[in-house]
Amino acid sequence: MAALIAENFRFLSLFFKSKDVMIFNGLVALGTVGSEELFSVVAFHCPCSPARNYIYGLAAIGVPALALFLIGVIWNNHTWNLVAECHKRGVKNFSAAATFLLFGSIMGRAAVAPVTWSVISLLRGEAYICALSEFVKPSSLDKFPAEYGAEVLARFPCRDVPANLTKFRDEVTRRLRYESQLFGWLLIGIVAVLVFLTKCLKHCCSPLSYRQEAYWAQYRSNEDKLFRRTAEVHSRILAAKNVKHFFGFVALDKEEKELVQEFPVEGVQPSPQWNAITGVYIYRENKGFPLYSRLHKWAKGVEGNGPTPEGHELLFLAS
C-alpha cells in the first residue's frame, strides 16, 4: 500500500512539474476555473444599486483577469530573459519578426488564465447580470409598470423587488444571462480559432522539421532541469566550503557529505559566462550545425549575437 501511494505521488509530481505547454496551460485553466467558482460563491455580492452595479460587475470580471495576466507575465521566463537581453545587449540584434514572436509568446501564455476567468464569468452570468440589469429599457418589457425605473431594475440581481415585478425580474435575468453566455461562447470560439491559426502559422514558418522541433523542445527541457539541479548542488557545496572557511568546520548531513566528496567545486563562474548564457535565444546554426540554446552556443565557443557568414540566424523563437 505504501509503495502504491509513493508511486502515485511520484506520478503527480512528474505531472505537475511537466514543462509541456499544453499540460501547463490546462493546469492554469483548471486552477482559474476553481478560483472563479470560489470567488463567485464567497466574494461576489452585487450591490444592487444604480451606478454601482456596472462598476462592480465589470470589476469582478476585469480586475481578476488583469491580475492573472500580470501574474502570467511575471511567471514567464521569457519576460526576464527579455529584460536581461535589453539590459545586457539591447534589442539591436532582434528583427521585427523575432520581436513579434517574443511578445506573442509572452502574451499568449499570460492570456490563458485571464481568458479562462472571463469565459467562466460570462458563462455563469452573475457579474454580467449585475452590471447591466439597470440598463434594460423598461419599454422592452411587456406591460412593465411605468412608475418603476432604473433603481428597481438595479435591484433585480438581488431578488429584492415587489411581488408584482417577479415575472419581469425573471425575464430580465434570463435575457441578460443569454447575452452573457453568448459572449462567453463567442470568446471561446474566437480563442480556439486564434490558437489554431497560430499553431498552423508557427509550423508553416518554422525552419525546422517536426522531429527536430520536438528534439529541440526535449533538449531545452532537459537542459533546464539539469542546469537547475546542478546549480542547486554547486551552490550548496560552495556554501559549505565558505561556511567551513569561516567557522573552521561545517555541519553536513550524510547526503551533503557525499556531495562534497563526489563533486569538487573550485570556484564560481565569472559574470561574463553568466551573461553569455542569460537572455532571449533565437534558434541559429553554425556551419550547418544547430545551436539549441545560449548554453549550447557558449559550450561550442560561438561568439557574437548577430548573423555571420558562419552562423545563419533563423527567426524562430524558442517557445
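The values are calculated or read from the model by the stated rules, or taken from the named source; none is laboratory data. Only a predicted model underlies this, so the values are computations on that prediction, with no experimental measurement involved. As a convention, Cβ positions derive from the backbone with ideal geometry for all residues, glycine included, and neighbour counts pool all protein chains shown. Remember, those area values only see protein heavy atoms, side chains included, never the ligands or the DNA or RNA. Shrake-Rupley method; radii C 1.70, N 1.55, O 1.52, S 1.80 Å.
Would you confirm whether any residue within the stretch 78-85 is charged (D, E, K, R), exposed (fewer than 15 other Cβ atoms within 10 Å of the Cβ) and modelled with pLDDT under 85?
no
Out of (1) farther than 14 Å from Asn53 by Cα; (2) hydrophobic (A, V, I, L, M, F, W, C); (3) open to solvent by 30 Å² or more (accessible area, probe 1.4 Å), what's the single condition that is false for Leu132?
(1)
Is it the case, given these coordinates, that Lys254 is open to solvent by 50 Å² or more (accessible area, probe 1.4 Å) and in contact with an Asp or Glu (Cβ under 7 Å, 6 or more places away or on another chain)?
no
Filter the stretch 108-147 for residues that are basic (Lys, Arg) and either assigned to a helix (DSSP H, G or I) or under 29 Å from the mean Cα position of the chain (by Cα) (or both) and give the result.
Matches in the stretch 108-147: Arg109, Arg124.
Cβ contacts < 7 Å: first residue in the same structural domain as Gly104 (by the TED database), restricted to the stretch 65-87; second residue of a type in the set (Ser, Thr, Tyr) and surrounded by 15 or more Cβ atoms within 10 Å (Cβ to Cβ), any location; separation 6+ or different chain. Result?
Ala65/Ser118; Leu68/Thr32; Val73/Thr79; His78/Ser105; Ala84/Thr278
Residue check, Asp142 against (1) open to solvent by 60 Å² or more (accessible area, probe 1.4 Å); (2) under 15 Å from Pro64 (Cβ atoms), all met but one. Which one?
(2)
Take Phe196 and tell me if it is open to solvent by 90 Å² or more (accessible area, probe 1.4 Å), part of a helix (DSSP H, G or I), without any contact (Cβ under 8 Å) to a residue 40 or more places away in the chain and closer than 30 Å to Ile61 by Cβ.
So Phe196 fits the description; yes.
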